[in-house]
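**Student:** My structure is below; once you've seen it, I'll send some questions.
The values are calculated or read from the model by the stated rules, or taken from the named source; none is laboratory data. Treat the numbers as computed from the prediction; the structure is a model and nothing was measured. Counting neighbours? That spans all protein chains shown, and the Cβs are built from the backbone with ideal geometry, glycine included. These area figures cover heavy atoms from the full protein model, side chains too; ligands, DNA and RNA do not enter into them. Shrake-Rupley method; radii C 1.70, N 1.55, O 1.52, S 1.80 Å.
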Amino acid sequence: MGRKLFVGNFPYETGEAELEALFSQAGAIDTVRVMRDMSTGRARGFAFVEMQSEEEAQTAIQKFNGADLGGRALVVNEAKPKPAFAGGGGGDNQGPRRRSAPRW
């Protein structure tokens, strides 16, 4: 278990200060980062909260996962590392396949 938490499904009006005040009820916080739309600056409804210890992170998950914030049920769980992008497609890079003529 890590100290970094994913926090999702909160109202778009929620900011870092409000999340910090909420999660400080579970323990000491290192950072709070609300993810925002790059063009509008509006919150995207999820954030990452890093607690100072794994025990405090576990307490926050137990206390706040499913809790109501602004009429929405929070989703709080351990943040997973972002998967490496493999390039997609799944092809073998041999170009288009040619079909053989049907055998009659």
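**Student:** Just give me the residues in the stretch 15-41 being part of a strand (DSSP E or B) and not β-branched (Val, Ile, Thr), in sequence order. First the steps, then the outcome.
**Tutor:** At the first step, the residues of the stretch 15-41 found to be part of a strand (DSSP E or B) are 29-36.
Passing the criteria: Asp30, Arg33, Met35, Arg36.
**Student:** Restricting to the stretch 32-57, name every residue that is open to solvent by 70 Å² or more (accessible area, probe 1.4 Å) and either under 16 Å from Glu18 (Cβ atoms) or polar (S, T, N, Q) (or both). Even if it seems obvious, please write down each step before you answer.
**Tutor:** Applying the first criterion (open to solvent by 70 Å² or more (accessible area, probe 1.4 Å)) to the stretch 32-57 yields 33, 36, 38-40, 42, 44, 52, 54-55.
Selection gives Arg33, Arg36, Ser39, Thr40, Arg42, Arg44, Gln52.
**Student:** Something else: Can you pull out the residues in the stretch 40-72 that are among the aromatic types (Phe, Trp, Tyr) and more than 15 Å from Ser24 (Cα to Cα)? Full working, then the answer.
**Tutor:** Here is the first cut: in the stretch 40-72, the ones among the aromatic types (Phe, Trp, Tyr) are 46, 48, 64.
Within the stretch 40-72, just Phe46 meets the criteria.
**Student:** Residue check, Phe46 against (1) assigned to a strand (DSSP E or B); (2) over 18 Å from Asn77 (Cα atoms); (3) among the aromatic types (Phe, Trp, Tyr), all met but one. Which one?
**Tutor:** (2)
**Student:** On to the next question. Take the residues in the stretch 1-31 that are farther than 21 Å from Lys80 by Cβ and aliphatic (A, V, I, L, M), then tell me which one is surrounded by the most Cβ atoms within 10 Å (Cβ to Cβ).
**Tutor:** Leu22
**Student:** OK, next. Condition (residue is modelled with pLDDT of 95 or more and open to solvent by 100 Å² or more (accessible area, probe 1.4 Å)) applied to the stretch 65-85: is it met by at least one residue?
**Tutor:** Yes.
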